[in-house]
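Report on the following structure.
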Amino acid sequence: QVLLVESGGGLVQPGGSLRLSCGASRGIFSITAGGWYRQAPGGQREMVALVSSGGTTNYAASVKGRFIISTDNTQNTLYLQMNSLKPEDTAIYYCNTLVGDTLYWGQGTQVTVSS
């Protein structure tokens, strides 16, 4: 049963932009806080960006100033705006959110930065 669904990944040239979206399937729960993580081939999953329900954000040093995490409470969606993309940003990107005591993860969306 897929509960979180990401979209917006794809192939982009270095310097380009993408916006990732993450929503609850069938709107079964609200998303007011969450995080984006990524996993490159052969690497471990790492935190990219976090946002709290109060709007506090936290970014990995490698993406600070280039990526923006946000939520749209009316759409129950978590976003990751990625600008000035670099080849080293190539990875599968995952979103997560905490509902009660359960941490939900999406299935991932591939982002490839290449010329």
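The values are calculated or read from the model by the stated rules, or taken from the named source; none is laboratory data. Keep in mind it's a predicted model, so treat the numbers as computed, not measured. So basically every Cβ, Gly included, is an ideal-geometry build from the backbone, and we count neighbours across all protein chains shown. When the accessible area is computed, the model is the full protein with side chains, heavy atoms only, and any ligands, DNA or RNA have been set aside. Shrake-Rupley method; radii C 1.70, N 1.55, O 1.52, S 1.80 Å.
When the trypsin sites (Lys or Arg not before Pro) in the range 22-115 are filtered for DSSP coil states and for at most 16 other beta-carbon atoms within 10 Å of their beta-carbon, the remaining sites are 45, 64, 66. Taking the protein heavy atoms of the chain in the context of the full set of protein chains, the accessible area attributed to carbon and sulfur is 48 percent at 1.4 Å. Across the chain, C-alpha contacts under 8 Å between residues 6 or more apart give a mean separation that, scaled by the residue count, equals a relative contact order of 36 percent.
In this view, the solvent-accessible surface of residue 57, computed with a 1.4 Å probe and all protein chains in place, comes to about 60 Å². Proximity of backbone amide H atoms, modeled 1.01 Å from N, is registered between residue 90 and 113 at under 5 Å, excluding neighbours fewer than 5 places apart on the same chain.
Shown in residue order for the range 14-30 are the 3J(HN,Hα) couplings computed by the Karplus curve 6.51 cos²θ - 1.76 cosθ + 1.60 at θ = phi - 60°: x, x, x, 10, 9, 10, 8, 10, 9, x, 7, 5, 6, x, 6, 8, 7 Hz (x for Gly and Pro).
So what is the accessible area of the chain per residue, in Å², with the probe set to 1.4 Å?
53 Å²
If one computes the Cα centroid of the range 1-53 and of the range 67-90, what distance in Å separates the two points? The range 1-53 and the range 67-90 have Cα centres separated by 7 Å.
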